[in-house]
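First up is the structure itself, then whatever we jot down about it.
The values are calculated or read from the model by the stated rules, or taken from the named source; none is laboratory data. All values reported here derive from a predicted model rather than from experimental measurement. Cβ atoms come from the backbone with ideal geometry, glycine included; neighbour counts cover every protein chain shown. Keep in mind that these areas ignore ligands, DNA and RNA; they rest on the heavy atoms of the full protein, side chains included. Shrake-Rupley method; radii C 1.70, N 1.55, O 1.52, S 1.80 Å.
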Amino acid sequence: MRVPPAFRSPALAAAWTACVLAAAGATAAPPALRDQVSLAGEWPVGGTVPLYGGSPAPADRLTFARPVDVPAEWAGRRIQLEFNAVNFAADVFVDDRLVASHVGAWNPFAVDLTAHVRPGRSFQLRVEVEGMRGPRTVGDDGWERWPVGTPALDGRWTGIADDVWLRAYGEVSIRDAFIQPQVAQGRLRIAYTIRSDAASPRTFWLRTEVTPASAGAASAPRTWPALPLSLAPGEVRTVTVDLPFADARRWTPDEPFLHVLASTLVGEQGEPLDRE
């Protein structure tokens, strides 16, 4: 992509970098109602994880392995292994049992380990990584359309290329928040995926708040009325909220202003159940 000369300014680049770092700092901490363990570092097999961008790999297949301790206090929680990026295809094993496979370089994926691990014990995690797998779809410009990624990654930059987390969730949790700004209509649309692992039906409320994330932002958080919800045991539901937000401060290349969306599930007694 050709970058317009006006966007090549060192001052603009510095401002953009500062803005992104400020936003990252505002969202780096895990939500208070979730527990997580970072699996970053030197793995006994495979080396450094993550290695951003991947490693120049002389082999078509790389192996990453390490022991992982599951905290005892996670008993009764849903335990999930989450990868931000693996180039290009990955098979995930727990104690030599294949539990998941994934294809695509830049799209994150998660593996539910609740049935495969025990709190208070350790397990052996192994990730087998290889280059392009399966049929490809290539556009007229020669670039890959599927799987997600670029030809430059195939066989040359392979590995676990972004953060890996082991996370524990409560009995009801927000699994995804697909943010869809409706700029022309002055509204904010969010498609939430919410899951209940409770033993009985649960009634709760979904609260949404938007807070400025950019450095020096003076505007106050924006909140909307909570949405009542009821989920049956084991139910996964996608709920779309459409919120008025005509006065939102917008992002521009000259002023790359950012926001953080904070979403909370609140129980019948007003207790917070989950945050995303």
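Counting only residues that are more than 20 Å from Glu268 (Cα to Cα) and open to solvent by 10 Å² or more (accessible area, probe 1.4 Å), how many does the stretch 157-177 have? The total comes to 8. For the stretch 100-114, residues that are in a loop (DSSP other than H, G, I, E, B) and either touching a strand residue (DSSP E or B) at 6+ places or on another chain (Cβ under 9 Å) or open to solvent by less than 40 Å² (accessible area, probe 1.4 Å) (or both) total 6. What residue, among those in the stretch 79-99 that are open to solvent by 10 Å² or more (accessible area, probe 1.4 Å) and within 16 Å of the chain's Cα centre (by Cα), is nearest to Ala65 (Cα to Cα)? Here the residue is Glu82. If you go through the stretch 56-77 and keep only what is at pLDDT 90 or above, under 29 Å from Val172 (Cβ atoms) and either part of a strand (DSSP E or B) or open to solvent by 10 Å² or more (accessible area, probe 1.4 Å) (or both), you end up with Val68, Asp69, Pro71, Ala72, Glu73, Ala75.
So that you can scan it fast, the table gives a plain yes or no per residue for (1) loosely packed, with under 15 Cβ neighbours inside 10 Å; (2) at pLDDT 95 or above; (3) assigned to a strand (DSSP E or B); (4) touching a Phe, Trp or Tyr at 6+ places or on another chain (Cβ under 8 Å):
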site: Gly216; (1), (2), (3), (4): yes, no, no, no
site: Val239; (1), (2), (3), (4): yes, yes, yes, yes
site: Asp247; (1), (2), (3), (4): yes, no, no, no
site: Glu268; (1), (2), (3), (4): yes, no, no, yes
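For the stretch 116-142, taking the residues that are of a type outside the set (Val, Ile, Thr), at pLDDT 95 or above and out of contact with any Lys or Arg (no Cβ under 9 Å at 6 or more places or on another chain), the one that is farthest from Gly159 (Cα to Cα) is identified as Gly120. When Gln180 is tested against (1) surrounded by 15 or more Cβ atoms within 10 Å (Cβ to Cβ); (2) without any contact (Cβ under 8 Å) to a residue 40 or more places away in the chain; (3) under 30 Å from Ala90 (Cα atoms); (4) not charged (D, E, K, R), just one condition goes unmet, and that condition is (1).
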